[in-house]
Structure formats: C-alpha cells, structure tokens
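Accompanying notes for the structure given below.
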Amino acid sequence: MPQVSFEQLLDAGVHFGHLKRKWNPAMAPYIFMERNGIHIIDLHKTAIKIEEAANAMKNIAKSGRKILFVATKKQAKDIVAEEVTKINMPYVTERWPGGMLTNFPTIRKAVKKMSLIDKMHVDGTFDSLSKREKLQITRQRAKLEKNLGSISDLSRLPAALFVVDVMKEKIAVREAIRLGIPVFAMVDTNSDPKPIDFPIPANDDASKSIQLILSIMCQSIKDGLGERSVEKENTAKPVDEDGDNEGGERRRTTRARTRAKKDSSDTDAAPADVENDE
C-alpha cells in the first residue's frame with residue numbers, strides 16, 4: 001500500500017479547511033487550530049484515516065467487488081475520470097441520477113438501451129431509419145453515454161462508494177446509507193463525518209488535495225487487484241511438461257497400475273491353461 005508523508009499532505013494543501021463560521025461542530029476532533037479565520041485540519045489524523053480507508057479499499061478490490069467513485073464538482077471531475085479509468089472502476093462525474101442505487105434496475109435498463117442502439121448500427125437496422133429518427137437516436141445515445149457511460153460495466157450494486165464532497169453528493173451518500181453500502185469520503189470542516197463509514201478529513205476543494213488522496217486510494221485498489229490475480233494463479237493446478245495437470249498425472253499412474261495388474265494375472269493364468277490342454 002502506498003505511504004503518504006506529512007510533507008506530501010502539507011504541500012498538497014490538504015490541511016486547509018473552510019472559514020470558521022462555516023464549520024460543522026462534528027468535525028472538531030479533526031481540527032488542529034484556527035488561523036486567520038480559517039480552520040486547519042490535523043494532518044496526523046488525516047494520515048491515519050487515509051491508511052484505514054486505503055486498507056479497506058484494498059480488501060474490497062481483492063474480493064473482486066466494484067467501488068463506485070462520485071465527484072461532480074468542477075475541480076474533481078477530470079481527476080476522477082483520469083485516475084479511476086486506470087483501475088477499471090465505475091465513476092460518476094456528471095449529474096448524479098436520482099435513484100441510481102435505490103432504483104438500480106431502472107438504471108440498468110437505460111444502460112442496456114445503449115447496447116441496443118449499438119446493436120442497431122451493427123445489424124443495419126439504423127440505416128433503414130429516417131433521417132429524423134437517426135438524429136433522435138443519436139442524440140439519445142450521446143446523452144446516455146454522457147450520464148451513464150462510465151458505469152456501463154456496473155452489472156450489480158457497488159460494494160462501496162467513494163465521494164469527494166459529501167455536501168455536494170448528499171443524495172448519493174443518502175442512497176448508499178439507505179442500502180447499507182459503505183461510504184468512503186473526503187470530509188472538509190463544513191461537513192458532518194458521522195454518517196460516513198471511512199471519513200478522510202481533508203480539503204475537498206483544492207485539486208492538488210483531491211489528486212493526492214485519490215491517487216492513494218486508486219493505488220490501493222490496484223494493489224488489491226494484483227493480489228487477487230496472484231492468488232488465482234497460485235490456486236490453479238500446476239501444469240506438467242506434457243500439458244497435463246496433477247490430476248492427469250494421477251490418472252495416468254492409476255491406468256498404468258491397472259494394466260500391470262492385468263498383465264500379471266494373465267501370466268499367472270497361462271500354466272493352468274497348458275495343463276488343462278494336456
């Protein structure tokens with residue numbers, strides 16, 4: 001798992017919170033001090049929370065389940081899309097579609113509609129449509145791709161949710177809590193960390209801060225996926241030089257022993273047959 005130093009957090013501006021008048025009292029345990037009317041986050045506690053979240057994410061990825069990343073704010077959209085695409089996890093960077101988790105079957109139908117439109121292009125059905133119908137379908141496909149294209153591989157509910165700003169993504173957080181889905185989140189000084197399973201006290205407005213924490217989470221997921229691949233290889237039966245596995249070797253040995261016993265019994269029976277002929 002990647003380690004984060006105090007200096008890295010400091011350089012990325014993770015410690016800058018919101019104005020004192022905007023603070024949420026529930027964040028008091030994570031606030032180090034107040035300077036020039038701005039709350040300063042305790043980076044030592046942030047480092048501990050990052051490690052806890054990274055370990056939990058690694059275990060989820062190792063189990064083969066999906067983690068959904070949510071960040072619709074301008075500073076985080078491009079960062080999330082770039083980092084999360086590398087580890088092949090689903091993400092939402094456009095408007096959160098209400099009921100995406102609580103009404104997941106409906107969302108899956110919309111995703112399947114994209115596949116249906118793509119199929120129309122392949123089998124030639126699209127070419128037989130009128131110009132107006134083609135335009136309508138093309139626009140519909142573009143809209144679905146924009147809103148749901150990044151979750152097209154999400155065939156079932158995610159095992160966890162990672163949110164950059166819990167205030168902005170409150171609908172997504174509420175849906176996850178309702179379904180009992182664990183929530184990982186960057187929590188600034190104006191937010192309530194109590195409903196979050198794995199809160200990471202950090203500046204959720206600065207792009208450097210978002211980039212640093214997101215890269216750590218994605219690397220942990222990558223490590224978990226790597227360990228999963230290694231375990232799969234180790235549990236697979238070893239193959240011998242002839243291309244057979246250990247089971248095949250045992251079957252060949254058993255057949256050889258059976259043939260040897262049969263040959264031995266035929267040899268023992270031969271003298272008796274000779275005596276009978278005499």
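Read-outs throughout are calculated quantities, based only on the coordinates presented, and are distinct from any laboratory measurement. Computed from a predicted model, the values in this text were never measured in an experiment. With ideal geometry, Cβ positions are generated from the backbone for all residues, glycine too; neighbour counts draw on all protein chains shown.
In the neighborhood of F198, defined by Cβ-to-Cβ distances under 14 Å, what is the net charge if each Lys or Arg adds +1 and each Asp or Glu adds -1? Neighbourhood net charge equals +1.
Between the beta carbons of L10 and I38, assuming R0 = 25 Å, the FRET efficiency works out to 0.95 to the nearest 0.05.
Find the centroid of the Cα atoms in the stretch 143-166 and in the stretch 201-239, then give the distance between the two in whole Å. Here the answer is 18 Å between Cα centres. Under 5 Å from the amide H of V92 lie the amide H atoms of F69, V70, A71, each residue being 5 or more positions distant or on a separate chain, with H modelled from the backbone and absent for Pro and chain starts. Cβ-Cβ distance of D78 and K45, R₀ of 22 Å, FRET efficiency by 1/(1 + (r/R0)^6): the value works out to about 0.15.
Modelled this way, with points 7 Å down the Cα-to-C-beta line, the labels at I137 and S155 are 2.6 nm from one another. Just how far, in whole angstrom, is the stretch 63-131 from the stretch 6-32 if you go by their alpha carbon centroids? What the calculation gives is 34 Å, centre to centre.
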